[in-house]
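The structure under discussion appears below in the form of structure tokens.
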Amino acid sequence: MKQILKSCTALTLSLGLVAPALAQEPLKELGKGEGELSIVAWAGYIERGETDKNYDWVTDFEKKTGCKVSVKTAATSDEMVALMNEGGFDLVTASGDASLRLVAGKRVQPINTDLIPSWKTIDERMQNAPWHTVNGVHYGTPYVWGPNVLMYNKEAFKGEAPKSWNVVFEEMTLPDGKSNKGRVQAYDGPIHVADAANYLMAHKPELGIKDPYELNEDQYKAALDLLRTQRTLVGRYWHDAMIQIDDFKNEGVVASGSWPFQVNLMEAEKLPIASVIPEEGVTGWADTTMLHADSEHPNCAYMWMEHSLSPKVQGDVSAWFGANPSVGAACKGNELLTDAGCKTNGYEDFEKVKFWKTPVSNCESQGECVPYHRWVSDYIGVIGGR
């Protein structure tokens with residue numbers, strides 16, 4: 001955690017974040033709800049019972065507050081940043097590779113934690129996390145967090161979980177006797193470069209990678225070379241969770257990096273799908289509900305942030321998405337998550353997850369690193385076969 005704090009401090013400096021005295025003033029007091037609330041969110045994050053009637057944390061909120069919730073689903077952090085730059089939204093559930101970009105771009109505003117009574121119940125590991133806290137100023141409320149898992153088809157792997165990420169990075173014959181070529185997927189987002197770097201940390205220690213988000217030119221070139229090899233194996237790059245589910249069900253895909261959300265949905269259908277955290281470890285996400293700088297419905301937004309921190313909502317979201325709550329009380333007594341749910345979802349593995357963050361040129365581990373804009377352009381090239 002100390003290393004995360006140091007690295008994100010360097011990130012805030014390199015992004016040119018302002019001191020609290022210059023930041024937009026947070027809301028002083030709550031007024032009446034404005035009747036509407038628009039949220040940019042990851043798939044599965046804001047449910048109203050339409051997919052499964054047991055998972056609904058919107059309907060009661062609307063009844064209690066009069067704030068009608070609308071949701072714009074985003075598939076990548078870059079899409080979230082683009083949508084928040086366009087405007088017209090109140091809240092966003094931003095991951096660590098987007099949150100500080102939104103702060104630096106002044107697209108989100110500081111929050112007044114005094115207006116959120118449940119703030120004091122947040123897990124201390126998350127309460128002052130550097131992906132939403134800049135110079136002591138909070139720019140959102142923690143939502144949920146979790147790992148990017150290796151999802152696989154149990155029939156293709158003959159019931160034995162793959163031990164390594166090599167099944168999606170290197171051509172090989174799988175336990176079912178068929179090649180993995182054309183049967184694996186990779187994430188359609190530049191942050192996937194970090195997954196390649198994480199793999200190389202274990203398999204090419206001579207590169208000296210200490211942080212998969214902080215890569216010098218040689219380390220970065222090795223990651224791109226690995227991704228180019230992966231390009232020859234990938235049948236489709238995924239960014240839409242529901243399309244990835246369809247690909248696993250109907251298009252012969254048998255292994256991919258994924259979110260617990262997709263795994264849970266297919267397991268609920270009794271499909272031969274499972275997930276594993278391979279020996280190289282995982283990247284992951286810790287998401288924050290952030291308030292747009294120009295929100296037209298700030299009162300409803302604050303009401304939602306408070307609502308989102310209730311143990312019931314935290315537990316239900318975690319159960320649905322396969323995530324971990326930011327409020328520890330959610331780990332006990334939630335019917336959907338069950339008392340074993342937090343342990344199952346990796347609540348105790350917080351220190352093992354390499355959380356998404358935005359790569360910058362002025363990096364902590366080695367001074368000079370390849371910045372994110374190059375990850376973006378070069379990953380587009382990789383996907384395009386260059």
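Just a few scattered comments:
- Number of the condition not met by residue 133 [criteria: (1) among the hydroxyl-bearing types (Ser, Thr, Tyr); (2) within 29 Å of residue 318 (Cβ to Cβ); (3) open to solvent by less than 20 Å² (accessible area, probe 1.4 Å); (4) over 16 Å from the mean Cα position of the chain (by Cα)]: (3)
- When the criteria are applied in full, residue 243 fails the requirement of being in a loop (DSSP other than H, G, I, E, B) and of a type in the set (A, V, I, L, M).
- Unmet criterion (only one of (1) surrounded by fewer than 18 Cβ atoms within 10 Å (Cβ to Cβ); (2) among the hydroxyl-bearing types (Ser, Thr, Tyr); (3) at pLDDT 95 or above; (4) in a loop (DSSP other than H, G, I, E, B)) for residue 45: (1)
- Residues within the stretch 90-144 that are outside any helix (DSSP H, G or I) and of a type in the set (Ser, Thr, Tyr), tallied: 6
- Of all residue pairs spaced 6 or more apart or on separate chains, those with beta-carbon atoms under 6 Å, a first member in the stretch 99-126 that is under 14 Å from residue 309 (Cβ atoms) and a second member that is surrounded by fewer than 17 Cβ atoms within 10 Å (Cβ to Cβ) and not hydrophobic (A, V, I, L, M, F, W, C) are 119/113.
- Wholly within the stretch 289-345, helices (runs of 4 or more DSSP H) carrying at least 2 residues that are open to solvent by 30 Å² or more (accessible area, probe 1.4 Å) and touching a helix residue (DSSP H, G or I) at 6+ places or on another chain (Cβ under 8 Å): 298-308, 311-321
- Members of the stretch 270-281 found to be over 14 Å from residue 152 (Cβ atoms) and either in a strand (DSSP E or B) or touching a helix residue (DSSP H, G or I) at 6+ places or on another chain (Cβ under 8 Å) (or both), listed by number: 279, 280, 281
- Every listed requirement among (1) more than 16 Å from the chain's Cα centre (by Cα); (2) modelled with pLDDT of 95 or more; (3) open to solvent by 10 Å² or more (accessible area, probe 1.4 Å) is met by residue 84 save one, (3).
- Residue 71 falls short on exactly one of the conditions (1) surrounded by fewer than 22 Cβ atoms within 10 Å (Cβ to Cβ); (2) of a type outside the set (Ser, Thr, Tyr); (3) assigned to a helix (DSSP H, G or I), and that condition is (3).
- Hits in the stretch 145-177 - residues which are part of a loop (DSSP other than H, G, I, E, B), over 17 Å from the mean Cα position of the chain (by Cα), within 28 Å of residue 225 (Cα to Cα) and not small (Gly, Ala, Ser): 157, 162, 163, 165, 170, 171, 172, 174, 175, 176
- Residue 218 without any contact (Cβ under 8 Å) to a residue 60 or more places away in the chain, open to solvent by 10 Å² or more (accessible area, probe 1.4 Å) and of a type outside the set (Val, Ile, Thr): yes
- Hey, residue 290 closer than 29 Å to residue 192 by Cα, touching a strand residue (DSSP E or B) at 6+ places or on another chain (Cβ under 6 Å) and modelled with pLDDT of 95 or more or not: yes
- Inter-residue pairs, beta-carbon under 6 Å, first farther than 23 Å from residue 93 by Cβ and in the stretch 347-364, second not in a loop (DSSP other than H, G, I, E, B), 6+ apart: 362/14; 364/6; 364/7; 364/10
- Matching residues, the stretch 89-147, being polar (S, T, N, Q), touching a Pro at 6+ places or on another chain (Cβ under 6 Å) and at negative phi: 112
- Verdict on residue 353 being closer than 29 Å to residue 108 by Cα and in contact with a Ser or Thr (Cβ under 6 Å, 6 or more places away or on another chain): no
- Residue match in the stretch 223-239 (condition: aromatic (Phe, Trp, Tyr) and either surrounded by fewer than 22 Cβ atoms within 10 Å (Cβ to Cβ) or outside any helix (DSSP H, G or I) (or both)): yes
- Failed item in (1) surrounded by fewer than 18 Cβ atoms within 10 Å (Cβ to Cβ); (2) at pLDDT below 95; (3) more than 19 Å from the chain's Cα centre (by Cα), with residue 66 passing the rest: (2)
The values are calculated or read from the model by the stated rules, or taken from the named source; none is laboratory data. What you see is a predicted model; the values in this text were computed from it and never measured. Positions of Cβ are generated from backbone atoms using ideal geometry, with glycine treated the same way; all protein chains shown enter the neighbour counts. Calculation scope for accessible area: heavy atoms of the full protein, side chains included, ligands and nucleic acids excluded. Shrake-Rupley method; radii C 1.70, N 1.55, O 1.52, S 1.80 Å.
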